[in-house]
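Here's the structure, in structure tokens; my notes come after.
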Amino acid sequence: MSDPGLQGHAALVTGGARGIGRAITLTLAARGADIAVVNTSPESAALIKAEVESMGRKCLSIQADVGDPVAVKLACERATAELPELDILVNNAGITRDRLLWRMADEDWDAVLRVDLSAAFHFTRALTRGMTRRKFGRVINITSVIGQMGNAGQANYAAAKAGLIGFTMSVAKEFGTKGITSNAVAPGYIETDMTAGLTDEIKGAMLGHIPAGRFGVAQDVADVVAFLASQEASYITGQVLRVDGGMLMG
Ligand SMILES: NC(=O)c1ccc[n+]([C@@H]2O[C@H](COP(=O)([O-])OP(=O)(O)OC[C@H]3O[C@@H](n4cnc5c(N)ncnc54)[C@H](O)[C@@H]3O)[C@@H](O)[C@H]2O)c1
């Protein structure tokens, strides 16, 4: 059933046409928000636009590389011009370039830091201006449990995701009195294209560490994002909410 709790709001979701981002886009739209999706692939961009519009919401589908600050600036200008009520930002786009440290090239490090961390800075800097004017805003950063526990072969990804947590808390402190909350959501193992390539051996070992006894699905993350975007979550800020079936505790 459609829940209109976000009617009158618009959300920009990076990487919002696939995987976890797609579930976030559709869940926010189902709750009444208009949507801007920033994505690299033209095929999935067209698909998500049609899906959101079939729900009766506006959807702006912008093709841009979030790792390029100039492209981000242009995307934000276009999104705020076409959706002036844009006050929810979900920094979801992410990549991995896994290599053990000695084999990790500078480009593997830089690419992951650009997409998984710097993009959030560029989008948040641009879009918090409008949120401040509206005296309402939601910045929701999709980090990872890896940012809190580290992982062999993922020094770049862990550093970016840990950086995103520090960034989230700093934004919460800077904008706390302006009606803007800033939170991070830290998924554990979620079944998407990003995790599809892992071997059965690695998957089996991981499952043994998940008290819920199952891997997560994109909707598990999207429901938490929708809650953090809502009016009901207005006194939650600077937090990291793990959506990991209990994989990491304490
Ligand atoms: N799947 C998991 O188990 C898991 C766990 C923890 C955190 N996460 C995080 O959740 C987020 C979504 O992951 P997913 O599993 O849905 O991944 P995915 O690979 O299925 O989707 C990533 C999305 O980001 C977009 N994207 C990537 N680089 C981009 C760029 N440079 N510019 C614009 N768009 C770009 C892709 O087009 C895609 O839509 C990521 O930040 C990821 O790190 C995922």
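Here are a few things to note about the model shown:
- Selection within segment 196-208: residues that are part of a loop (DSSP other than H, G, I, E, B) and within 16 Å of the ligand (Cβ to nearest atom). The member of this set that is farthest from ASP223 (Cα to Cα) is THR199.
- Of the residues VAL112, VAL52, the single one that is more than 14 Å from the chain's Cα centre (by Cα), modelled with pLDDT of 95 or more, buried (at least 22 other Cβ atoms within 10 Å of the Cβ) and within 14 Å of the ligand (Cβ to nearest atom) is VAL112.
- Across segment 175-186, the qualifying residues are those that are within 14 Å of the ligand (Cβ to nearest atom) and touching a Ser or Thr at 6+ places or on another chain (Cβ under 6 Å), and the one among them that is nearest to MET131 (Cα to Cα) is ALA184.
- For ASP87: the one exception among (1) within 11 Å of the ligand (Cβ to nearest atom); (2) of a type in the set (Asp, Glu); (3) assigned to a strand (DSSP E or B): (1)
Residue by residue, here is whether (1) part of a helix (DSSP H, G or I); (2) among the acidic types (Asp, Glu); (3) surrounded by 24 or more Cβ atoms within 10 Å (Cβ to Cβ) holds:
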position	(1), (2), (3)
HIS122	yes, no, no
ASN141	no, no, yes
ASN151	no, no, no
GLY163	yes, no, no
THR168	yes, no, yes
ALA172	yes, no, no
GLY176	yes, no, no
SER182	no, no, yes
MET194	yes, no, no
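- Residues in segment 147-180 that are within 15 Å of the chain's Cα centre (by Cα) and β-branched (Val, Ile, Thr): ILE165, THR168.
- Among the conditions (1) assigned to a helix (DSSP H, G or I); (2) within 26 Å of SER144 (Cβ to Cβ); (3) at pLDDT 95 or above, the only one that ARG78 does not satisfy is (2).
- Residues of segment 128-139 that are in a helix (DSSP H, G or I) and buried (at least 21 other Cβ atoms within 10 Å of the Cβ): MET131 alone.
- Out of SER170, SER118, sole residue that is of a type in the set (Gly, Ala, Ser) and either away from the ligand (no atom under 13 Å from the Cβ) or touching a Ser or Thr at 6+ places or on another chain (Cβ under 8 Å) (or both): SER170
- When segment 13-40 is limited to residues that are in a strand (DSSP E or B) and within 7 Å of the ligand (Cβ to nearest atom), the one that is surrounded by the most Cβ atoms within 10 Å (Cβ to Cβ) turns out to be VAL38.
- In segment 209-236, the residue that is surrounded by the most Cβ atoms within 10 Å (Cβ to Cβ) out of those that are within 16 Å of the chain's Cα centre (by Cα) and in a loop (DSSP other than H, G, I, E, B) is SER230.
- Assessment of segment 99-106 against the conditions (among the charged types (D, E, K, R), away from the ligand (no atom under 12 Å from the Cβ) and part of a helix (DSSP H, G or I)) yields at least one matching residue.
The values are calculated or read from the model by the stated rules, or taken from the named source; none is laboratory data. None of the values given here were measured: they were computed from a predicted structure. Note that we place each Cβ from the backbone using ideal geometry, even for glycine, and neighbour counts take in every protein chain shown.
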